[in-house]
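**Student:** Let me give you the structure first, and then I'll get to my questions.
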Amino acid sequence: MMLDDKVAIIYGAGGAIGGAIAKAFAAQGARVHLTGRTRATLEKVAAEIREQGGQAETAEVDAMDETAVDEHAAAVGTFDISVNVTATYDVQGIPMVEMSVDDYLAPVTLPVRSRFITSRAAARHMIPRRSGVILFFGGEGDRSIHRRYQLGGLVTGFVAVEAMRRQLAGELGEYGIRVVTLQTSGIAESLPADMPGREGLAAELAAPSPLNRTATLADVGNAAVFAASDWAASVTGAAINISCGAFID
């Protein structure tokens, strides 16, 4: 299997995206450490993995808390893959000129802090071994989206995280550590079933795609496995486009 003998930490593993990645990693032989702030959702994902014969452990870890992240990484010890798909707080639907500073900056500062803390912890453990993979999720988004929606600081946050990814790749490459983003245009399947207007939003997310769909959770898991595996050994500092063509390179 593609991830035999690999150990992965997934931050935000209780959510739809994190859970899909964790299950895909485990199915390919990795031992996965599922972290998040809600034990019940983590245990649900872990139970599904164990039922399929996979190896999963859970821990309540707030990815915004550097002490908690560092202590958990130290407890895990040796690991090969770090994935951060934690959610962020954001306010949308308000013109920028009417927003508070805090509401605009929240989706910028929160994900930057979280990704920095978890990536730093991973790098410190990976550098001595001179190997490892750090995965981000999201990408910079569609640049035309600003004309259609009032997104506050959301896309600014995406761009900031991508700048971090590029810098990390540049600094960590000499140690054999790769840093990769899975670039998405949104995952319709991950929208909450009881979300008002879910069907309309799902259709809107799929509309720019030549394939008339967004990536599925299975697609996300498969792409993450590839990015984390030795098959992608030459890929770093890059975004792997899983937008179903919504973003044309």
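**Student:** Kindly evaluate A122 against the criterion of being free of Cβ contacts under 8 Å to residues at least 60 places away in the same chain and at negative phi.
**Tutor:** No, not satisfied.
**Student:** Can you name every one of the strands (runs of 3 or more DSSP E) wholly within segment 1-109 that holds 2 or more residues which are within 18 Å of V220 (Cβ to Cβ)?
**Tutor:** The strands (runs of 3 or more DSSP E) meeting that bar are 7-11, 31-36, 81-84.
**Student:** Looking for whichever is among the aliphatic types (A, V, I, L, M), outside any loop (DSSP other than H, G, I, E, B) and within 15 Å of F136 (Cβ to Cβ) here; the options are L201, L205, L182. Which one fits?
**Tutor:** On the way: L201 fails: within 15 Å of F136 (Cβ to Cβ); L205 fails: within 15 Å of F136 (Cβ to Cβ).
Exactly one residue qualifies, and that residue is L182.
**Student:** Given the conditions (1) farther than 30 Å from D5 by Cα; (2) crowded, with 17+ Cβ neighbours inside 10 Å, report the number of the one that L105 does not fulfil.
**Tutor:** All conditions pass for L105, except number (2).
**Student:** Here's another thing I want to ask about it. Can you find, within segment 224-239, the residue that is farthest from V83 (Cα to Cα) among those that are touching a helix residue (DSSP H, G or I) at 6+ places or on another chain (Cβ under 6 Å) and among the β-branched types (V, I, T)? Walk me through how you get there before you give the answer.
**Tutor:** Looking only at segment 224-239, we keep the residues that are touching a helix residue (DSSP H, G or I) at 6+ places or on another chain (Cβ under 6 Å), and these are 224-226, 232, 236-237.
Right, trim to among the β-branched types (V, I, T) and you get 225, 236.
Numbers: V225: 11, T236: 14 Å.
Going through the qualifying residues, I end up with T236.
**Student:** Only one of A218, A227, A246 is crowded, with 16+ Cβ neighbours inside 10 Å, outside any strand (DSSP E or B) and within 15 Å of the chain's Cα centre (by Cα); which?
**Tutor:** Details: A218 fails: crowded, with 16+ Cβ neighbours inside 10 Å; A246 fails: within 15 Å of the chain's Cα centre (by Cα).
Answer to the selection: A227.
**Student:** Kindly indicate whether any position in segment 19-38 is buried (at least 19 other Cβ atoms within 10 Å of the Cβ), polar (S, T, N, Q) and in contact (Cβ under 8 Å) with a residue 24 or more places away in the chain.
**Tutor:** So far as segment 19-38 goes, yes, one or more of its residues are buried (at least 19 other Cβ atoms within 10 Å of the Cβ), polar (S, T, N, Q) and in contact (Cβ under 8 Å) with a residue 24 or more places away in the chain.
**Student:** Restricting segment 115-163 to residues that are part of a helix (DSSP H, G or I) and in contact with a Gly (Cβ under 6 Å, 6 or more places away or on another chain), which is modelled with the highest pLDDT?
**Tutor:** Just the residues of segment 115-163 that are part of a helix (DSSP H, G or I), to begin with: 115-129, 143-147, 154-163.
Right, trim to in contact with a Gly (Cβ under 6 Å, 6 or more places away or on another chain) and you get 126, 155, 158.
Working: M126: 98, V155: 87, F158: 91.
Only one residue fits best here, namely M126.
The values are calculated or read from the model by the stated rules, or taken from the named source; none is laboratory data. Small disclaimer: the values here were computed from a predicted structure and weren't measured. FYI the Cβ positions are ideal-geometry reconstructions off the backbone, even for glycines, and counts take in every protein chain you see.
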